Amino acid sequence: MLEPAETVKIFQKQPTIHTFSSGQIIFAEGEPGDCMYGILNGEVEIFVDGKVVETIQKGDVFGVGALVVPEHTRASTAVAKTDCQLAFLDQNGFLFAVQETPMFALLVMRSYSERLRALKRSI
């Protein structure tokens, strides 16, 4: 079984790594989204309605929601808490990873489920 950090290795096959400086907006709530991200280094804060709801770290993935909802929009804002290196998968890469590596899909779902449970405990 793949571990969460190993899941991000799938992203590393992408030719481009995005670097974000601390405080830089990665994406904003309501805007169209055409890729998901994996954190190679650093931390990212996720905001909903202007409030930090979670901080995610190396090995975590985020932004997949925009790839799977019909309207393809972001439900949150992601901001680099520290300097970050992020790999990404576009729609085609995501679908390929799900098809070729079913454990990738399960680990993405597990990551989101665990994060949702932690969020529910905090409210």
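So the values come out like this:
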item	result
Unmet requirement for I39, which otherwise passes all of (1) touching a Leu at 6+ places or on another chain (Cβ under 7 Å); (2) without any contact (Cβ under 8 Å) to a residue 40 or more places away in the chain	(2)
Any chance D60 is loosely packed, with under 13 Cβ neighbours inside 10 Å, modelled with pLDDT under 95 and not polar (S, T, N, Q)	no
Flag if A87 is free of Cβ contacts under 8 Å to residues at least 12 places away in the same chain, touching a helix residue (DSSP H, G or I) at 6+ places or on another chain (Cβ under 6 Å) and surrounded by 14 or more Cβ atoms within 10 Å (Cβ to Cβ)	no
Any hit, region 51-69, residues being free of Cβ contacts under 8 Å to residues at least 24 places away in the same chain and of a type in the set (S, T, Y)	no
Some residue of region 39-52 being out of contact with any Phe, Trp or Tyr (no Cβ under 6 Å at 6 or more places or on another chain), modelled with pLDDT under 95 and not in a strand (DSSP E or B)	yes
Failed condition for A78, given (1) part of a helix (DSSP H, G or I); (2) touching a residue at least 12 places away in the same chain (Cβ under 8 Å); (3) of a type in the set (G, A, S)	(1)
Within region 7-29, tally of residues that are modelled with pLDDT under 95 and over 13 Å from D83 (Cβ atoms)	10
Residue within region 110-119 that is surrounded by 14 or more Cβ atoms within 10 Å (Cβ to Cβ), among the aromatic types (F, W, Y), within 11 Å of the chain's Cα centre (by Cα) and in a helix (DSSP H, G or I) present	yes
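The values are calculated or read from the model by the stated rules, or taken from the named source; none is laboratory data. On a predicted model such as this, the values are computed, not experimentally measured, just so you know. Reconstructed Cβ throughout: ideal geometry from the backbone, glycine too, with neighbour counts over all protein chains shown.
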